[in-house]
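Provided herewith is a single structure, encoded as structure tokens, for subsequent inquiry.
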Amino acid sequence: MGPMCVGLGPDLDRRDRVYSRDRILESERQRPMGNEREERAERWQCWMRAAQKGDAEAYQRLLTELLPYVRGVVRGRVRDDAAVEDVAQDVLLRIHTARHTYHPERPLLPWVRTIARNASIDHSRRWARERGRQGEMEPDALPAPERLAEGPISRGLVRALDRLPESQREAVTLLKLEGLSVKEAALRAGVSPGALKLRAHRGYNALRDLLGRERS
């Protein structure tokens, strides 16, 4: 049996909702500290039930409050801090896509944690596959910076670079065209060295495929 979610739903006046922001704060002040997690879980479950009935405001509040929680779950499984936010956003997207599969009478958080765990596992598998392919086209497999502007592949390389996603193109450009170190390039891009290297490796793999098509 789920919590009593009195006052939720699109057909009720917003002023009458039990879980308005003011009442949430008042409720949390009155509850013992030990019950805060319980109250939070109950509140989120109520919001999800309301969202399934079409309450857009309850759904937005749910996603807003869930994000820090999801980040915490993901951070326990994903070692790369730069990837945590990407995986957390993926979790919210999966929640959005699968929200109709949630059974309102069941606790919400185990359902959310399962989605977060699966997203984290998928990320780790993708990371392992990318790591396994790194040797196929490491930075040294591309022409040195001083040679990128010359030779028969220059036009094809320019076309291929233009077709890369912006983040990958930036990583390849900083490392290969400008000849920066990973640390310097990461600082310029505003990301961690690990995230910069991941972008670069994806860019190198994409360039290899694109240049291969140019030559075929």
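The values are calculated or read from the model by the stated rules, or taken from the named source; none is laboratory data. These figures come from a predicted structure and were not determined experimentally. Note that we place each Cβ from the backbone using ideal geometry, even for glycine, and neighbour counts take in every protein chain shown.
For every residue, the table says whether it meets (1) exposed (fewer than 13 other Cβ atoms within 10 Å of the Cβ); (2) modelled with pLDDT of 60 or more.
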residue	(1), (2)
117	no, yes
150	yes, no
153	no, no
167	no, yes
172	no, yes
183	yes, yes
198	no, yes
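State which residue is nearest to residue 44 (Cα to Cα) when the search covers only segment 75-124 and only residues that are acidic (Asp, Glu) and within 15 Å of the chain's Cα centre (by Cα). Give the steps one after another, and end with the answer.
Initially, segment 75-124 is screened for residues acidic (Asp, Glu), giving 80-81, 85-86, 90, 105, 122.
Retained after the next criterion (residues that are within 15 Å of the chain's Cα centre (by Cα)): 80-81, 85-86, 90, 122.
Details: 80: 28, 81: 26, 85: 21, 86: 22, 90: 19, 122: 26 Å.
Among residues in segment 75-124 that are acidic (Asp, Glu) and within 15 Å of the chain's Cα centre (by Cα), the one nearest to residue 44 (Cα to Cα) is 90.
Within segment 92-130, work out how many residues are touching a residue at least 40 places away in the same chain (Cβ under 8 Å) and within 27 Å of residue 205 (Cα to Cα). Full working, then the answer.
Step one: list which residues in segment 92-130 are touching a residue at least 40 places away in the same chain (Cβ under 8 Å), which gives 99-100, 102, 104-109, 112-113, 116-117, 119-121, 123-124, 127, 130.
Now drop any that are not within 27 Å of residue 205 (Cα to Cα), which leaves 119-121, 123-124, 127, 130.
Qualifying residue count for the region: 7.
Among the residues of segment 38-79, which ones are modelled with pLDDT under 90 and either buried (at least 16 other Cβ atoms within 10 Å of the Cβ) or among the β-branched types (Val, Ile, Thr) (or both)?
Result: 78, single match.
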